[in-house]
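One structure is given here, and the rest of the page talks about it.
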Amino acid sequence: MGEKDLEIEETSPPCREDETKTQVGKVKKKKKVKAEKRGVCHVSRVPPRMDHVKLRQVLSQFGEIQRIYLVPEAAAAQMNRKRAGGFRGQAFSEGWVEFTKKSVAKRVANMLNGQQMGGRKRSSFYYDIWNVKYLSKIKWDDVTDEIAQRHAVREQKLALELSAAKRERDFYLTQVDKSRALSSIEERMKKKQKVQQESGVISDFPSDQFAPKVIRQFPQKKPVADQAGKLKPSLSKDVLAGVFGGQ
């Protein structure tokens, strides 16, 4: 009996693992079914001073919202806007809104797209226009994949720009070091030559080695077009006498 009990104890854990796997599979299936019922809308323009909290407050009155993601504005555009005296806070360029039901997402896009945002007149985006589009057959996982791809492209572009800037900096520093080395060599040679001249020792270096460079200027001919305007056709006196009868 003891051996049978041990065998039963050894075979029992795999059964529990199978049960947990089936439960996990059921949970995943339920999540997938819920995700299939959701709808995603794309907001192509986010007004200044609007963040995800205010956007949720405005859109939640039309239906339940699951998730919101807003793309931060580029650093260059933000700097230019601040220099021009515009809004100095965090701005967003575009965003995505996930509703729990596809029908609600379609209705919101059809109803709000191209319409004035409205609300309170004191609101900073009262006169802004909605730019909302329903994304059919697009799920939130597709949105996250696109965002990750954009981020990877941006990081790759930034890495290339940094490498190009580093190459330019290294080239500039090498040229500076070369010029410093050449100038120091020239100064040493001049000092050595001066000491040798004062002591009366004939220098092995030619005297014109460190002479200032002479820039030669060659005379240029004047353009023919300038002289052509000055040369005007003139009639001889004989021709004029024949025309006017020798007067």
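The values are calculated or read from the model by the stated rules, or taken from the named source; none is laboratory data. Note that the coordinates shown come from a computational prediction; the quantities given were computed from them, not determined experimentally. Neighbour counts are summed over all protein chains in view; Cβ atoms, including those assigned to glycine, are modelled from backbone coordinates with ideal geometry. Accessible surface areas use protein heavy atoms only, side chains included; no ligands, DNA or RNA. Shrake-Rupley method; radii C 1.70, N 1.55, O 1.52, S 1.80 Å.
Any idea of the accessible area per residue across the range 76-148, 1.4 Å probe, to the nearest Å²?
64
Beyond a 18 Å Cα-Cα separation, which of these cross-linked pairs lie in this structure: LYS106/LYS139; LYS82/LYS166; LYS101/LYS139?
LYS82/LYS166
How much net charge surrounds PHE87 when only the other residues with a Cβ under 15 Å from the Cβ of PHE87 are counted, with Lys and Arg +1 and Asp and Glu -1?
Local charge sum for PHE87: +4.
Answer rounded, prolate or oblate for the range 85-142, using the Cα gyration tensor with square roots of eigenvalues a ≥ b ≥ c: rounded when a/c is under 1.5, else prolate when a/b is larger than b/c, else oblate.
In terms of gyration-tensor shape, oblate.
With every protein chain left in place, what is the accessible area of LEU160 in Å² (1.4 Å probe, nearest 10)?
Near enough 110 Å² of accessible area.
Mind listing the phi-derived Karplus ³J(HN,Hα) values for the range 82-94, rounded to whole Hz, using 6.51, -1.76 and 1.60 with θ = phi - 60°, and x for any glycine or proline?
5, 5, 6, x, x, 4, 9, x, 6, 10, 10, 8, 7
Need one word for the range 62-173: rounded, prolate or oblate. Basis is the Cα gyration tensor (sqrt eigenvalues a ≥ b ≥ c); a/c below 1.5 gives rounded, then a/b vs b/c decides.
Verdict is oblate for the range 62-173.
Around PHE62, with a cut-off of 13 angstrom between Cβ atoms, what is the net charge of the other residues, counting Lys and Arg +1 and Asp and Glu -1?
So the surrounding residues net to +3.
Can you pull the accessible area of GLU94 for me, 1.4 Å probe, Å² to the nearest 10?
30
Of TYR127, TYR69, TYR134, which has the most accessible area and how do the rest follow, probe 1.4 Å?
Reading off the accessible areas and sorting them downward yields TYR127, TYR69, TYR134.
In what order, largest first, do LYS133, LYS102 sit by accessible area if the probe radius is 1.4 Å?
Result of the area sort, largest leading: LYS133, LYS102.
Once you sort the root eigenvalues of the Cα gyration tensor of the range 107-178 as a ≥ b ≥ c, which label holds: rounded (a/c under 1.5), prolate (a/b larger than b/c) or oblate (the other case)?
In terms of gyration-tensor shape, oblate.
Give a residue-ordered list of calculated ³J(HN,Hα) values for the range 55-61 (Karplus: 6.51 cos²θ - 1.76 cosθ + 1.60, θ = phi - 60°; whole Hz; x for Gly, Pro).
Karplus values, whole Hz, x for Gly and Pro: 5, 5, 5, 6, 8, 5, 6.
Report ³J(HN,Hα) in whole Hz for each residue of the range 38-45, in order, from the Karplus equation J = 6.51 cos²θ - 1.76 cosθ + 1.60 where θ = phi - 60°; Gly and Pro get x.
In residue order, the calculated couplings are 7, x, 10, 10, 9, 9, 6, 9 Hz.
For the range 98-148, give the percent of accessible area contributed by carbon and sulfur heavy atoms, probe 1.4 Å, rounded to a whole number.
That share works out to 47 percent.
Between MET111 and PHE87, how high is the FRET efficiency from 1/(1 + (r/R0)^6) when r is the Cβ-Cβ distance and R₀ = 22 Å? Nearest 0.05.
0.20
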